[in-house]
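First up is the structure itself, then whatever we jot down about it.
The values are calculated or read from the model by the stated rules, or taken from the named source; none is laboratory data. Predicted, not measured: the structure shown is a model, and the values here were computed from it. When we count neighbours, we look across all protein chains shown, and the Cβ atoms used for this are built from the backbone with ideal geometry, even at glycine.
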Amino acid sequence: MRAPVEALSLHGRHAVVVGADGGFGTAITAALEAAGASVVGMDLRGEGEHTIAVDVSDADSVRAAFDELAGRVPKLDILVNTAGIREIEPLATLAPETWQRVLAVNLTGPFLCIQAALPLLRAAQGAAVVNIASIAGLTGMANRPAYTASKHGLVGLTRNLAHDLGPDKIRVNAVAPGTIRTPMTEGYYADQTFLRQAEAMVPLGFDGSAADVADAVLYLAGPLARHVTGVVLPVDGGFTAQMNYAPLGAGPAYEGDQDSTS
């Protein structure tokens, strides 16, 4: 049995966080570095000594970024795909260009990054890929058809690659955050009606943070999860674990015969 510190250590491991400049990306980078990993960030701007510019929706850009990475590191132990965008738009008015852009970043982007990283991942002889999905990849979300479709696709890609890359000893998992405060979701937190409704729907309360998502990534990327692949881990305070049809405190949502819903 490993000592607790050893079980959490990522010393000697090389990691890449794609979307390192975002709310989740910043927290994940900090957590990986705190655990001892050597981290290279990739994002659209590519600012900073340890950051490579990449447009994940562009195959040539992704290939160039990972070619540059291959000149820096001999292997890649951890790849985290966290770059993402969303739309809030009903189907009737959603522009095809918006649909295509959201899927290009949220679904095609992780595919391109994993594909380009494959030689480095294989060289690690025990690598981990963690995709940042969403609870929108586990259920439907109103007025987000492109975002929801992209995250369902990412869940499917995660499970497929867990199967296909298993023989290479590459584990592929996903984290599915709920609504967590980041620059992308900041507007929600000014809406008191939304906050009250969300509190009633989240059993553990509506106070999850980017650090909670980073901790889930640490687990899936690290040695404690050495035999875990193909899973989608919700970090949502229990939102997807329940369906609450009754007002808070109103008692059972349905009191009919048990077999009436079968």
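If you scan region 169-183, which residues turn out to be β-branched (Val, Ile, Thr), touching a strand residue (DSSP E or B) at 6+ places or on another chain (Cβ under 9 Å) and in a loop (DSSP other than H, G, I, E, B)?
Ile170, Ile180
Output the residue which, of all residues in region 5-30 that are part of a helix (DSSP H, G or I) and over 23 Å from Ala70 (Cα atoms), is nearest to the chain's Cα centre (by Cα).
Filtering region 5-30 for residues that are part of a helix (DSSP H, G or I) and over 23 Å from Ala70 (Cα atoms), the one nearest to the chain's Cα centre (by Cα) comes out as Phe24.
Of the residues that sit in region 48-85 and are part of a helix (DSSP H, G or I) and not hydrophobic (A, V, I, L, M, F, W, C), which one is surrounded by the fewest Cβ atoms within 10 Å (Cβ to Cβ)?
It comes out as Asp60.
Residues checked against (1) under 22 Å from Gly23 (Cβ atoms); (2) modelled with pLDDT under 95:
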position: Ser134; (1), (2): yes, no
position: Gly140; (1), (2): no, yes
position: Asp164; (1), (2): no, no
position: Arg181; (1), (2): yes, yes
position: Met184; (1), (2): yes, yes
position: Leu204; (1), (2): yes, yes
position: Asp207; (1), (2): yes, yes
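Looking at Thr139, is it without any contact (Cβ under 8 Å) to a residue 40 or more places away in the chain and within 21 Å of Phe239 (Cα to Cα)?
no
Go through region 56-91 and report how many residues are hydrophobic (A, V, I, L, M, F, W, C) and modelled with pLDDT under 95.
Here the count works out to 3.
Could you look through region 114-138, keep only residues that are surrounded by fewer than 24 Cβ atoms within 10 Å (Cβ to Cβ) and in a loop (DSSP other than H, G, I, E, B), and pick out the one that is nearest to the chain's Cα centre (by Cα)?
Checking each candidate, the answer is Leu138.
Which of the following residues is basic (Lys, Arg) and either farther than 30 Å from Gly140 by Cβ or not in a helix (DSSP H, G or I) (or both): Arg101, Arg45?
When all the criteria are applied, what remains is Arg45.
If Thr148 passes every condition in (1) of a type in the set (S, T, N, Q); (2) modelled with pLDDT under 95; (3) not in a loop (DSSP other than H, G, I, E, B) but one, which one does it miss?
(2)
Residues being surrounded by 12 or more Cβ atoms within 10 Å (Cβ to Cβ) and assigned to a loop (DSSP other than H, G, I, E, B): count how many of those fall in region 184-202.
3
Per-residue answers, yes or no, for (1) buried (at least 17 other Cβ atoms within 10 Å of the Cβ); (2) under 12 Å from Gly230 (Cα atoms); (3) more than 13 Å from the chain's Cα centre (by Cα); (4) among the aromatic types (Phe, Trp, Tyr):
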residue	(1), (2), (3), (4)
Gly140	no, no, yes, no
Arg144	yes, no, yes, no
Ala149	yes, no, yes, no
Val155	yes, yes, no, no
Asn160	no, yes, yes, no
Asp164	no, yes, yes, no
Ala174	yes, yes, no, no
Pro177	yes, no, no, no
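Would you say Phe111 is of a type in the set (Phe, Trp, Tyr), closer than 30 Å to Ala142 by Cα and either out of contact with any strand residue (DSSP E or B) (no Cβ under 6 Å at 6 or more places or on another chain) or not in a helix (DSSP H, G or I) (or both)?
yes
Tell me which of these Leu76 doesn't satisfy, since it passes every other one: (1) under 15 Å from Ala15 (Cα atoms); (2) free of Cβ contacts under 8 Å to residues at least 12 places away in the same chain.
(2)
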